[in-house]
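Let me give you the structure first, and then I'll get to my questions.
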Amino acid sequence: MLDSAGKQVVAGDNDMTQVTRPFRCRLLSVQLISLTIVACGGSGEGLDISGRPISEGGNLPLEPTLASIQANVFNPFCITCHTGAAAPQGLRLDSGISFASLVGVPSREASSLLRVAPGMPEQSYLIHKLEGSAQVGEQMPLGGPPIPQATIDFVRQWIIDGALPEPGPDPDTPPVIVALTPDPDGIVSTLPLQILASFDQDIDASTINVMTFELIRSGGDDLFGNGNEETVIPASVGLSAINSQLAVMDLTGVIPVEDRYRIILRGDGPNVVLNMNGRALDGEYLGAFPSGDGTDGGDFVVEFDLQGIQPTLQSIQDNVFTPVCAVCHSGPPGPILPAGQDLSSASASFTSLVGIPSIEQPNIMRVAINDADNSYLIQKLEGSAAVGDRMPQGGPFLDQTTVDAIRAWIDSGANP
Amino acid sequence: MTDRFSVFLGFATIGLCACLVVSAPAFAEPYLAVAKGMKCGLCHTSPTGGGKRTPYGNIFAQQELPAKYLSRAGAAPNYWTGEIFKYLAVGGDLRGGWNQTSVPGQPTSSNADLEEFLAYVEVRLIPRYLSLYLDWKLRPDDPVPREEYLRLTLWSGRVYVRGGQFFLPYGLRIQDDSAFMRQIPGINYNTPDTGWEIGLEHGDWSAQLAITRGTAGGPEIDSGKQYSMRLSYVRPTWRAGGSFSFNDSSIGDRQMQNIFAGLKTGRISWLVEFDYIIDDGTSTGRRSSWTSFIEANFAAWRGHNFKLSYEYFDPDVDVSENQQNRISAVWEYFPIQFLQTRVGYRRYDGIPQNPAQNRDQLFIELHVPF
C-alpha cells in the first residue's frame, strides 16, 4: 500500500497516483466554482495512513497483530466514529482501548455473538460487520467503501491466532484472563468445540492441563456443590501451539447435554496456572474482564448454559419424539402405523428407527446411519418424502434448527 | 492545501455565518425550511425536525414539492395527513438505493439495497398535551428503535419536555449522516441518546436543552452526562444559530460547538455550518478538530432541486497536511407526491496514503415518504 517513502502505491483501473493530483485539484476547482471555494486535501507528508505523524509510531506494515490492525484498520477507518463515550454501540476502537472493547465482548446488535471470539473468525461479529455478512445493521465502515478483503484477512488471521492484545504488561505481574469463549453466564445452543481462555501474558505451558483447566456440568439441576456434578472429559487441554497466551480445551467428541456448565481455571491450590516467572493466576472473575483482584492467586470460575436441542438421541427424544411424535407414534411396535413406529422412549425410538426400512418406502431406511439425506425420517420432517403427509401431520412443522440437530445426530452415527 | 488556506476557509465560513447572524431547528432537509422561512416544528412532529410529519408537513410535501400532483381526472386533491383519528397519527418512509464506489487501487464496488423502512407513530395520550412518539427503523429481523419518547407540551406549544430516546439537538439536521458535520460530531440519525430535553419556542426564537447519558443510546458507563443545547433565530429569508455540547465522561470529555445559518437568495437556498470539537483522553492527549459545511440548493423547476455542497474536515489542528474535503452534487426530483429520487456524485479528497479518503461515489436513492 505504501512505498519506502510512505507514498501511496496503487494500480488498476482507478489509479490515482501522485502524478494525477495536480489535474485532480484543477478538476475539483472547476467543480467548486459555483461555491467560490477551491481546496484540496492534505498532502499527507510525514503522516501515516491514519493521518497521524509517522513519529507517533503508527506506520506499521500489515500483519496479523493488534498493533498493526490498530494502525492500518481501526485508526484510519473506524475511530472517526468509534471513539469517546458516545461511540456507536459503545464500541471504542481507540488505540489502547480496542482490545477491551472487542475481545470476548458480546455484540450489542447480535448478543449471541462476541465481537471477537478468539480462534473463531466466523463467530466474530467484527468480521461479520467488516465483510457485510451481519444480519443486523449496515456493513462497516458506515457510508464508506468496504475495507479490502486482503486487509480483512489479516484481521481474520489475528483472530485465528487467538486475538492477542498488544504486547502485554510487565510479566512480573500475576497473569490475568482477558477473554473467554464461550461468554461467561452466556447461553449457547451448541456445545462449543473449544473453550478458549486468553491471558494478558505468556503462560507456562506445563501448567495448563486437566487439573488446572476444568469443565464440569451440574448434573441436570443447574446447581454445583450438591454431589451430582459430572466432570467433562475433554479431548485435550493445553496451551495453544501458536499462541502462548491462549489456553485451549478441545471438546471434540464430547456428547453435548443440556445443562449448566462451569469452567474453572485454577489460581489456588496445589495445581495452578503460572506465568513464565512462576506467578500464579490472578483469577477472580468479578463480572468483567480482565479477571483478578490485583493479587496473585484466586480461581477463575464462570458458568454458561447449554440450552436447546442437541444432536443426541436423548435430546431429540426429550425435545421432539416425546412431546411431538409420541402422541401418535406410541406402541405397540409392529407394522401398523402410526403406533407401530414406537417413539415413546429413547430405546424404543432407536429400535424403531435406526436401520429399519420404512413401511411407506421400503427401499429407504427410516434412519440410515451417517446419511441424513437418505433417511426417511428427515424426508418426512422436511416434507420431501414421495409418499404421505409431511410430519408432524397437520403441523406445525419442526423448525430447521431442530431438524438440523436430528440430521447431525444421524450424520454422526445415529448412536443410541 | 496549506494550513493558512485552511484557516482562511474556516474564517470565511465563520464570517458567512456571522453575516447571517444565529439557528434553525433541524429539518430532515433544512434547505426546505430556509426556502420557506419556516421552523422545523411546523412540518415535523419533532420540534427539532426529522421523522414524522405534521398534517401541514404532509400537505406541504404533496402540494409544494412534486412536479405533478397525481389524482384522478377532475377529482379534487385528497391529501394524506397521517391522522388516523384524534389519538393516533402515523407516517413512514421507504428507502432504497444503489451506489457505486471507486477507491484508488481497488476494484470498483457497487451495492443495491432496499435500505430501510422508517415507521413513525404518534399516540396522543392527552391530545395537545401528552403524547408518545415512536420512530422505528424496520428491516427483516432487524427492528431498530431510533426515537421513543414521551412528550409533554405546555403553553400552547411554547414549551415542551420530552423524556426517552431521541436525536440530540445540535446543528443542522441534514439527512446525509455521512457528511463530515454529521459524522464527526457523532450526533446523527444513528446515534440517538437517552435522557431529557426541554424546548422553548418564542416568536422567531427556538431553544433546546438536552441532558442525556452521553453514550449514543447505550447503557450508562459512568455518572457523567452529555449536555446539548441549541439556539436558533428564524426569519423568512434567513436564519442563524449555534449549538454547544459537552459530554462529561470518565473515559475522556468531549466538547463541541458550532454555528450555523441559512440564507435564501432568489431560488437558491444556502446552508452553512462550522463545528469545532475538543476531545480529551485520546491516545495523544487533547485533540482539536473542526469541520465546515456549505451547501447551495437551486430550485430550478417545480419538483427539481439541484444541490451542491462542499465540506472540509481537519482531524487535528496540530497536525499539518491531514485535511480532508468532500464535494457533492445531487439532483433531487419529486415527480409525484410520495416519491422522491436522488441522483448524486460525491468526491472525497484526503491524504494519498489512505485510498478510502480519495474515493468517488455515485448513488441513486429512492424515497417513498408518507
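Restricting things to Cα coordinates, could you compute the convex hull volume per residue of chain B in Å³?
Hull volume normalised by residue count: 151 Å³.
Need one word for segment B:117-245: rounded, prolate or oblate. Basis is the Cα gyration tensor (sqrt eigenvalues a ≥ b ≥ c); a/c below 1.5 gives rounded, then a/b vs b/c decides.
Since a/c stays below 1.5, the shape of segment B:117-245 is classed as rounded.
Would you pull out the residues with amide H under 5 Å of A:Gln201's amide H, same chain only if 5 or more places away, H placed 1.01 Å from N?
HN-HN under 5 Å from A:Gln201: A:Val176.
Can you work out the PRE-style zone for B:Ile198? Point 7 Å along Cα to Cβ, and I want the residues of segment B:205-249 with backbone N under 18 Å.
Residues B:205-213, B:225-232, B:244-246 qualify, since their backbone N sits under 18 Å from the label point.
Peptide A:49-56: average number of partner chain Cβ atoms within 10 Å per residue?
What the average comes to for A:49-56 is 5.
Take the alpha carbon atoms of segment A:119-165, find their center, do the same for segment B:315-370, and report the distance between the two centers in whole angstrom.
25 Å
If you average the sequence gap of Cα pairs under 8 Å that are 6 or more apart and divide by the length of chain A, what percent do you get for the contact order?
Once normalised by length, the contact order is 9 percent.
Just from its helices, what would the mean residue ellipticity at 222 nm be for chain A, if runs of 4 or more DSSP H residues each count -39500 (n - 2.57) and the sum is divided by every residue, rounded to the nearest 500 deg cm²/dmol?
-4500 deg cm²/dmol, from helical runs alone.
PRE reach from A:Ala150 (point 7 Å along Cα→Cβ): which of segment B:341-370 fall under 17 Å by backbone N?
It comes to B:353-357, nothing else.
In segment A:101-137, which residues have a backbone nitrogen under 16 Å from the label point lying 7 Å from B:Ser283's Cα in the Cα-to-Cβ direction?
Hits in segment A:101-137 for B:Ser283 at 16 Å: A:101-103.
Could you tell me what a quarter of the Cα convex hull surface of segment A:262-322 works out to, in nm² with one decimal place?
For segment A:262-322, the mean projected area of the Cα convex hull comes to 6.4 nm².
Using unit Cβ charges (K, R positive; D, E negative) and no other charged atoms, how large, in debye to the nearest 20, is the dipole of chain B about its Cα centre?
Once rounded to the nearest 20, the dipole reads 1460 debye.
Let me ask something else about it. If each Cα of segment A:177-306 is one equal point scatterer, what is log10 of I(q)/I(0) from the Debye formula at q = 0.11, 0.12, 0.18 Å⁻¹?
One equal scatterer on each Cα of segment A:177-306 leads to -0.35, -0.41, -0.95.
Follow-up question, since we're still on this one. What is the set of long-range amide H partners of A:Gln194 at a cut-off below 5 Å, with H atoms built 1.01 Å from backbone N?
A:Leu251
If you don't mind, another one. How would A:Met249, B:Met229, A:Met276 line up from fewest to most surrounding beta-carbon atoms within 10 angstrom?
Exposure proxy ranking, most exposed first: A:Met276, B:Met229, A:Met249.
Something else about it: Please give the average number of partner chain Cβ atoms lying within 10 Å of the Cβ of each residue in B:275-282, rounded to a whole number.
2
Let me ask something additional. Would you please calculate the Kirkwood hydrodynamic radius of chain A over all C-alpha pairs and express it in Å, rounded to one decimal?
Over chain A, the inverse of the mean reciprocal pair distance is 25.2 Å.
Follow-up question, since we're still on this one. Pairs of alpha-carbon atoms within less than 8 angstrom and 6+ residues apart define the contacts here; what relative contact order does segment A:84-196 have, in percent?
The value is 23 percent.
Another question, then. Between B:Phe260, B:Ala61, B:Leu152, whose Cα lies farthest towards the positive end of the dipole of chain B when Lys and Arg beta carbons carry +1 and Asp and Glu beta carbons carry -1, centred on the Cα centre?
The Cα lying farthest towards the positive end belongs to B:Ala61.
Per residue of A:88-96, how many C-beta atoms from partner chains lie within 10 Å of its own C-beta, taken as a mean?
Taking all residues of A:88-96 together, the mean is 4.
Can you put B:Thr153, B:Thr212 in order of Cβ neighbours within 10 angstrom, beginning with the fewest?
B:Thr153, B:Thr212
Can you pull the one-decimal nm distance between simple spin-label points at B:Val343 and B:Phe244, each 7 Å off the Cα toward Cβ?
My value for the distance between the label points is 4.6 nm.
What 222 nm value per residue comes from the helices of chain B, counting each DSSP H run with n ≥ 4 as -39,500 (n - 2.57) and dividing by all residues, nearest 500 deg cm²/dmol?
-3000 deg cm²/dmol
Could you name the lysines whose alpha carbon sits less than 30 Å from that of B:Lys264, not counting residues in the same chain fewer than 8 places away?
B:Lys36, B:Lys39, B:Lys52, B:Lys68, B:Lys307
Output the Cα-based Rg and Dmax of segment A:50-160 in Å, rounding Rg to one decimal and Dmax to a whole number.
When restricted to Cα atoms, segment A:50-160 yields Rg and Dmax of 13.0, 41 Å.
What list of ³J(HN,Hα) couplings, whole Hz, do you get for segment B:208-217 from phi and the Karplus terms 6.51, -1.76, 1.60, once you set θ to phi - 60° and write x for glycine and proline?
Karplus values, whole Hz, x for Gly and Pro: 9, 9, 10, 10, 9, 5, x, 10, 6, x.
While we're on this one: With θ set to phi - 60° and the Karplus curve 6.51 cos²θ - 1.76 cosθ + 1.60, what are the ³J(HN,Hα) couplings of segment A:228-241 in order, to the nearest whole Hz, using x for Gly and Pro?
9, 5, 10, 7, 7, 8, x, 5, 6, 9, x, 7, 4, 5
Count the net charge of all other residues whose Cβ sits under 11 Å from the Cβ of B:Glu64, scoring Lys and Arg as +1 and Asp and Glu as -1.
+2
Ok, one more. Give the residue from A:Gly394, A:Leu313, A:Gln157 lying farthest towards the positive end of the charge dipole for the protein assembly as shown; charges sit on Cβ (+1 for Lys and Arg, -1 for Asp and Glu) and the dipole is referred to the Cα centre.
The Cα lying farthest towards the positive end belongs to A:Gly394.
Further question: Within the set of other residues whose C-beta is less than 11 Å from the C-beta of B:Gly37, count the net charge using Lys and Arg as +1 and Asp and Glu as -1.
Net local charge, B:Gly37 excluded: +4.
Now a separate question. Rounded, prolate or oblate: which one fits segment B:251-370, using the alpha carbon gyration tensor with axes a ≥ b ≥ c (rounded when a/c is under 1.5, else prolate when a/b beats b/c, else oblate)?
Since a/c reaches 1.5 and a/b is larger than b/c, the shape of segment B:251-370 is classed as prolate.
Which of B:Arg235, B:Arg128, A:Arg279 comes first, and how do the rest follow, when ranked by fewest Cβ neighbours within 10 Å?
With the fewest neighbours first, B:Arg235, B:Arg128, A:Arg279 line up as B:Arg128, B:Arg235, A:Arg279.
Let me ask something else. Please list, short to long, the whole-number percent of alpha-carbon pairs of the protein assembly as shown in consecutive 20 angstrom bins beginning at zero.
14, 39, 32, 14, 1
May I pose another question? Once a ≥ b ≥ c are taken as the square roots of the eigenvalues of the Cα gyration tensor of segment A:307-416, is the result rounded (a/c under 1.5), prolate (a/b larger than b/c) or oblate (a/b not larger than b/c)?
Rounded.
Quick one: net charge of A:Asp318's neighbours, Cβ under 13 Å, K/R +1, D/E -1?
Counting the neighbours of A:Asp318, the net charge comes to -2.
Given R₀ = 45 Å, FRET efficiency for A:Gln157-B:Phe117 by Cβ-Cβ distance, to 0.05?
Calculated transfer efficiency: 0.75.
Say we join alpha carbon atoms closer than 10 Å with springs in a Gaussian network model of chain B; which of B:Gly242, B:Gly57, B:Gly262 then has the biggest fluctuation?
Fluctuation is largest for B:Gly57.
Throughout, read-outs are computed from the coordinates displayed, never taken from laboratory work. Model, not experiment: these values are computed from the prediction. Positions of Cβ are generated from backbone atoms using ideal geometry, with glycine treated the same way; all protein chains shown enter the neighbour counts.
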